[in-house]
1. What distance in nm separates the simple spin-label points at Thr177 and Leu235, each placed 7 Å from Cα in the Cβ direction?
2. I'd like the FRET efficiency for Ala133 and Glu263, computed as 1/(1 + (r/R0)^6) with the beta carbon distance as r and R0 of 45 Å, rounded to 0.05.
3. Ignoring solvent entirely, what values of log10 I(q)/I(0) come out of the Debye formula for the stretch 55-263 at 0.14 Å⁻¹ when each Cα is a single scatterer?
4. Taking a label point 7 Å from the Cα of Asp243 along the Cα→Cβ vector, which residues of the stretch 69-95 have an amide N closer than 16 Å to it?
5. At 0.36 nm per residue, and after removing the present C-alpha to C-alpha distance, how many nm does the segment from Asp68 to Gln190 gain when stretched out fully?
Amino acid sequence: MQWLLDWLSSFDWSVLIPEMIGKALGFAAGFAASWYLLFRRKLRDIERFQQGDSDDILFQMHLLKPLDDSPDDVVLLFRNVGPRTTVNQLYDNPAAREAIKQCAEKTTLSDPILATIGREGFEVLNDAFGHFAGMVAMSPYPRQPWLFVMTSEDRQAVRKQCIRCFVIRPEDLKKFTDWTWCSKHVRVEQPWHWFRVVALHQTAKVWETEQADVSEGDGMPLIDDHASHRRIRPLSVGLNQEDAPIATPHVIVWKDNVKALSEMGLDLPIDEADE
């Protein structure tokens, strides 16, 4: 026992005790800070989940199907193609993740296409485009021309805000340039799908402009610049188009959505007399 007392008496307790207390306090402070940061992160994740914010990236095929009982009308179907992915899974570069999130936060229903700009924006779009093309490359269905565009619709209109990559046939998107046709002849599977008709109409207007730019020779950027690039990209893939509506096609009463459209900055001609 004497050896223990001799060993303890050999320490300079006037220095050791403050040092031990300081390290203990430092450890406690570090632990508390780590716990607080993790707790805050958990709260933010819960808040984002409750608000419907998501880092998901969905690839959705859009189809217009003629109606047997009304040959002049069509029903809009949109279906997820392949498994969903996330921003972190698709982009291994943190700068690309930040760039695409910033683009998604700036979109509205009046301008739903991600505003990818410059080389950085081109690479963000190109990676998603290449991922989708590779995902469906071995599809057994006949290939045909489609259009690919990255969107993020207004949080005021959709339940879940995420990045949605629209895939639609050129001949179908062309029809959406005519708003009168959209409002009178397009039906949907669910009443709240009216917002997708608007998003496709806005997309079609951008595509029309890009087509005009290409015909004038302004659509192909320099390979070392990409200051401007086509945000609606053509591709050839095979997708399953043999599908049917999951519910009775719904006629959109557009006059009921006039206020919502106005609040989102959309000035679309709505015939108040339409039922």
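1. A separation of 2.4 nm, rounded to one decimal place.
2. Details: r = 37 Å, r/R0 = 0.83.
Between Ala133 and Glu263 the formula returns 0.75.
3. -0.87
4. Flagged as within label range: 75-85.
5. Numbers: separation 122, 0.36 × 122 = 43.92 nm, distance 1.86 nm.
So the chain would gain 42.1 nm between Asp68 and Gln190.
Values in this text are rule-based calculations from the coordinates and carry no lab data. These numbers were taken from a predicted model, which means no experiment stands behind them. Every residue, glycine among them, receives a Cβ derived from its backbone with ideal geometry; neighbour counts consider all protein chains shown.
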